[in-house]
1. Out of Ser68, Ser122, report the one residue that is among the polar types (S, T, N, Q) and farther than 30 Å from Ala192 by Cα.
2. Starting from residues that are part of a helix (DSSP H, G or I) and among the basic types (Lys, Arg), keep the ones in region 187-200 and report whichever is surrounded by the most Cβ atoms within 10 Å (Cβ to Cβ).
3. In region 162-206, how many residues are among the basic types (Lys, Arg) and within 15 Å of Ala141 (Cβ to Cβ)?
4. Cβ-Cβ below 7 Å, separation at least six or inter-chain, first residue in region 178-206 and without any contact (Cβ under 8 Å) to a residue 40 or more places away in the chain, second of a type in the set (Gly, Ala, Ser) and buried (at least 19 other Cβ atoms within 10 Å of the Cβ): which pairs?
5. From the residues in region 141-169 that are touching a residue at least 40 places away in the same chain (Cβ under 8 Å) and out of contact with any Leu (no Cβ under 7 Å at 6 or more places or on another chain), which one is nearest to Ala112 (Cα to Cα)?
6. Take the residues of region 114-148 that are surrounded by 12 or more Cβ atoms within 10 Å (Cβ to Cβ) and over 23 Å from Asp188 (Cα atoms): which is nearest to the chain's Cα centre (by Cα)?
7. Anything in region 160-186 that is surrounded by 13 or more Cβ atoms within 10 Å (Cβ to Cβ), on the phi < 0 side of the Ramachandran plot and of a type in the set (D, E, K, R)? List them, or say none.
8. If a residue has to be at pLDDT 80 or above and closer than 30 Å to Ile181 by Cα to count, how many in region 64-106 make the cut?
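The values are calculated or read from the model by the stated rules, or taken from the named source; none is laboratory data. Remember, it's a predicted structure, so these values are computed and weren't measured experimentally. Note that we place each Cβ from the backbone using ideal geometry, even for glycine, and neighbour counts take in every protein chain shown.
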Amino acid sequence: MLISTPLFTDPQHLSRDGSYFMNIKFTFKSVVMIVFSLVFLFTNTGFSAPNQRYNNKAIDSNTQGKVSEIQKHLKKIKAKRTTDFRTKLVRSIKARKKLIKRTNKLKVTATAYTSHVKQTDSTPNIAAWGDKLRPGMKVIAVSRDLLQVYGLKHGTRVRIKGLSGEYRVLDKMNKRWRKKIDIYMGKDLRKAFKWGRRKVELQWRS
């Protein structure tokens, strides 16, 4: 049989029709195909796998770095948004509180006083709460009922209808007075006497 014929044989044993040579050609092609198949498998499994693993590691490290950068950036954005939201919330709350504050109006009798011993006491420059008075300050003294009944407090800013600017409550009047204020006029006695006694409207927020 041709299959059992040796690969290398003496040419004198070859058949005349050349069938043995055709069989050798067929066997050589098979060997070449097997060799190429082995080389292909060896190339894909032996050499490319480590390189592929190395490339995968490099890709993974780069990807992880980019992901960490993106996460940090997102955290910064989230923190900024949270801060902005809190700031806006605080501002809106303050604005609402200002709107909620009501304006109080009260008709009172207004007189004037100065930093003189005859009009105050032995310390004419020191107010009832210990504040030091200086000429030019916009200050009023109020009767005790305005503090106890109407809600004025030390340091409350008030407006006097007909006068410019705001006045601060820094002094108290004698207990006998009711619904009355004293406007501080420094050491100007003439100005105080000229003012005399008037009915004014007092305005403040609470």
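1. Values: Ser122 fails: farther than 30 Å from Ala192 by Cα.
Exactly one residue qualifies, and that residue is Ser68.
2. Step one: of region 187-200, the residues part of a helix (DSSP H, G or I) are 189-195.
Of the ones still in play, those that are also among the basic types (Lys, Arg) are 190-191, 194.
Working: Arg190: 9, Lys191: 13, Lys194: 10.
Checked region 187-200; the qualifying residue surrounded by the most Cβ atoms within 10 Å (Cβ to Cβ) is Lys191.
3. Within region 162-206, the first condition is being among the basic types (Lys, Arg), and the residues that meet it are 168, 172, 175-176, 178-180, 187, 190-191, 194, 197-199, 205.
Now narrow it down to the ones that are within 15 Å of Ala141 (Cβ to Cβ): 168, 172, 175-176, 178-180, 197.
So the count comes out to 8.
4. That search, which allows pairs on different chains as well, returns Arg178/Ser143.
5. Checking each candidate, the answer is Ala141.
6. Ranking the qualifying residues of region 114-148, first place goes to Leu147.
7. Here is the first cut: in region 160-186, the ones surrounded by 13 or more Cβ atoms within 10 Å (Cβ to Cβ) are 160, 166-173, 177-186.
The next check asks that each one be on the phi < 0 side of the Ramachandran plot; those that pass are 160, 166-173, 177-178, 180-185.
Correct list: Glu166, Arg168, Asp171, Lys172, Arg178, Lys180, Asp182.
8. Result for region 64-106: 4.
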